[in-house]
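The values are calculated or read from the model by the stated rules, or taken from the named source; none is laboratory data. Predicted, not measured: the structure shown is a model, and the values here were computed from it. Neighbour counts run over all protein chains shown; Cβ positions are idealised from the backbone, glycine included. What goes into the accessible areas is simple: the full protein's heavy atoms, side chains included, and nothing from ligands, DNA or RNA. Shrake-Rupley method; radii C 1.70, N 1.55, O 1.52, S 1.80 Å.
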Amino acid sequence: DQQVKQNSPSLSVQEGRISILNCDYTNSMFDYFLWYKKYPAEGPTFLISISSIKDKNEDGRFTVFLNKSAKHLSLHIVPSQPGDSAVYFCAANHAGNNRKLIWGLGTSLAVNP
Amino acid sequence: GAGVSQSPSNKVTEKGKDVELRCDPISGHTALYWYRQSLGQGLEFLIYFQGNSAPDKSGLPSDRFSAERTGGSVSTLTIQRTQQEDSAVYLCASRQARGQETQYFGPGTRLLVL
């Protein structure tokens with residue numbers, strides 16, 4: 001039972017364009033959502049998060065949008081840079097599960113020069 | 001150091017041997033989590049510590065797996081009688097306190113059981 005789903009295993013975009021990574025969830029108890037970036041042979045690096053009481057959070061080139069009614073969130077990267085090429089994981093948790101992260105399977109982003 | 005550290009970075013062992021994996025969380029972080037990522041699989045939760053207590057061990061796959069945390073700091077994950085299916089990257093994360101929701105990860109320990 002995959003509670004957090006990233007349906008696109010991979011995405012390729014041109015440098016300078018927008019990257020949009022999508023994530024869907026099924027558990028309505030989730031109240032906090034996080035995006036992590038992961039390079040091979042490294043641990044996940046925190047990127048940006050959003051609480052369920054908000055619908056948008058922005059940090060520099062990264063913006064996360066949350067649509068609770070659709071149980072959908074997305075990460076926008078503008079403009080995309082070659083250094084953004086990595087695997088991006090969506091994760092979610094809630095207070096009732098000790099804040100343990102439930103993960104999507106990741107989307108591999110390739111930003112082409 | 002400023003971040004979460006884990007040791008060893010890589011471990012190769014023979015089936016049936018015991019292994020210990022270590023995690024040093026960020027100083028002052030009271031919550032500590034272990035996860036693992038098996039080849040071709042997503043990340044899965046193993047165990048959660050709040051201080052030295054482990055109120056959630058629900059992700060440990062078998063009784064061969066155990067973990068402890070001492071002094072509210074360092075944690076050790078022990079796998080007894082390792083099996084080939086234990087091969088994975090074991091990741092540790094720490095979080096500051098209740099109300100601080102972001103978990104920060106170490107570089108992981110890559111375990112290969114031959």
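Brief remarks follow.
- Those residues of region A:84-107 for which accessible area with every protein chain present is at least 20 Å² below the isolated value (1.4 Å probe): A:F89, A:N98, A:R99, A:K100, A:L101, A:W103, A:L105
- ³J(HN,Hα) computed for each position of region A:34-51 - Karplus, 6.51 cos²θ - 1.76 cosθ + 1.60, integer Hz, glycine/proline x: 9, 10, 10, 10, 9, 8, x, 6, 10, x, x, 10, 5, 10, 7, 9, 8, 7
- Normalised by the number of residues in chain B, the average gap of Cα pairs under 8 Å and 6 or more apart makes the relative contact order 37 percent.
- Carbon and sulfur %, accessible surface of region A:4-112 computed with the full protein complex present, 1.4 Å: 50
- HN-Hα J in Hz across region B:6-23 - Karplus 6.51, -1.76, 1.60, θ = phi - 60°, x for Gly and Pro: 9, 8, x, 6, 9, 9, 10, 9, 8, 3, x, 7, 8, 9, 10, 10, 10, 9
- Magnitude of the charge dipole, chain B, Cβ model with Lys/Arg +1 and Asp/Glu -1, debye to 20: 80
- Count, lysine Cα pairs under 12 Å in the protein assembly as shown, 8 or more residues apart or across chains: 4
- Long-range HN-HN contacts of B:D56 with modeled amide H, under 5 Å: B:Y48
- 3J(HN,Hα) couplings calculated from phi for region B:37-43 with the Karplus curve 6.51 cos²θ - 1.76 cosθ + 1.60 (θ = phi - 60°) are, in sequence order, 10, 7, 4, x, 10, x, 7 Hz; Gly and Pro show x.
- Taking N as the residue count of the protein assembly as shown, its C-alpha radius of gyration divided by 2.2 N^0.38 Å amounts to 1.02.
- Ratio Rg/Rh [Cα only; Rh per Kirkwood] for region B:1-103: 0.95
- Using the 1.4 Å probe convention, the accessible area of the protein assembly as shown works out to 47 Å² per residue with neighbouring protein chains retained.
- Cα centroid separation, region A:1-69 to region B:36-63: 22 Å.
- When chains A and B come together, the accessible area they lose, probed at 1.4 Å and totalled over both chains, is close to 1600 Å².
- For a label point 7 Å along the Cα-to-beta-carbon line of A:E15, residues of region A:34-49 with backbone N under 14 Å: none
- Dipole axis of region A:4-112 (+1 Lys, Arg; -1 Asp, Glu on Cβ), positive-most option in A:N98, A:F33, A:L21: A:N98
- Local net charge near B:L111, Cβ-Cβ under 9 Å (Lys/Arg +1, Asp/Glu -1): +2
- Highest-MSF residue in chain B out of B:G72, B:G28, B:G99 [GNM, Cα springs under 10 Å]: B:G99
- Two-site FRET efficiency, B:L114 against A:E42, from Cβ-Cβ distance with R₀ of 25 Å, rounded to 0.05: 0.55
- Taken as Cα centroids, region A:94-113 and region B:1-21 sit 24 Å apart, rounded to the nearest whole angstrom.
- Positions from region A:28-42 whose accessible area shrinks by 30 Å² or more when the full protein complex is built, not the chain alone, probe 1.4 Å: A:Y32, A:Y36, A:K38, A:A41
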